[in-house]
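Taking it in order: structure first as structure tokens, then the write-up.
Every number in this text was worked out from the coordinates using simple rules, so none of it is lab data. Owing to the predicted nature of the structure, the values given are computational and were not obtained by experimental measurement. Please note: Cβ atoms are built from the backbone with ideal geometry, for glycine as well, and neighbour counts cover all protein chains shown.
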Amino acid sequence: MTEPAPSGETEAPENQAPAPPGAGVKAGRFWSARRVPAALLALVVLGGAGLLLYDVAAVRADRPAMQWRRTTADHLARWRVDDTWVLVVAALVVLLGLLLLVLALTPGLRALLPMRREHPNVRAGLDRRAAALVLRDRAMEVPGVQSVRVRLRRKKAAVQARSHFRELDDVHTDLDTALGAAVSELGLAKPPALSVQVARPSAKKG
């Protein structure tokens with residue numbers, strides 16, 4: 001006789017497969033470090049702040065202010081808020097600020113596609129051109145395909161094929177099957193949607 005399971009406890013089925021180590025781990029996009037814009041902005045801010053602090057310290061030491069600060073103060077005293085140059089400079093500063101915000105809030109690295117995370121501590125990415133090349137090679141293996149052009153984006157893979165024999169519908173069906181399998185084998189976290197077009201080669205005018 002077998003003893004019943006204690007109250008509140010359940011026995012796991014013997015044939016239930018264990019969950020993979022990385023199940024439920026979200027594979028987000030890779031973020032670009034953007035070292036060049038950050039370094040340029042840091043240099044500009046550091047240079048401007050250092051120059052201003054030096055001039056302020058010089059004035060505190062009973063030395064005359066630098067010419068550039070006196071000239072800037074005179075211009076600011078004469079310019080009005082609705083002057084054309086003031087509006088132009090303000091618009092440029094706003095655009096520069098928006099650009100910096102976009103760079104700070106967007107991941108970047110659009111050419112690197114995140115792959116599924118099989119392990120929580122391991123992240124992998126696939127270059128978009130390499131993935132497009134894999135799809136192109138797989139499409140060229142389909143009988144009747146003469147040439148293939150693949151445009152791969154994060155959410156869509158557009159495939160344009162030229163077939164010089166076989167029925168176009170048959171080639172289209174085989175391409176859907178082959179490319180669907182190829183996309184799943186890439187291991188991407190978010191597989192792109194397939195868009196396949198098949199046509200005859202254009203006749204060359206002699």
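Is the shape of the range 35-105 best called rounded, prolate or oblate, per the rule: a/c under 1.5 gives rounded, else a/b larger than b/c gives prolate, else oblate, with a ≥ b ≥ c the square roots of the Cα gyration tensor eigenvalues? In terms of gyration-tensor shape, oblate.
Evaluating 6.51 cos²θ - 1.76 cosθ + 1.60 at θ = phi - 60° for every residue in the range 133-139, the Karplus couplings come out as 5, 4, 5, 5, 5, 5, 5 Hz, glycine and proline recorded as x.
Annotation: peptides 179-185, 155-161, ranked by per-residue average of other Cβ atoms within 10 Å with the highest first, follow the order 155-161, 179-185.
When peptides 73-84, 96-107 are sorted by average Cβ neighbour count within 10 Å, with the highest value leading, the order is 96-107, 73-84. Exposure proxy for S163, S202, S32, S195: other Cβ atoms within 10 Å of each Cβ, ordered fewest to most, give S202, S195, S32, S163.
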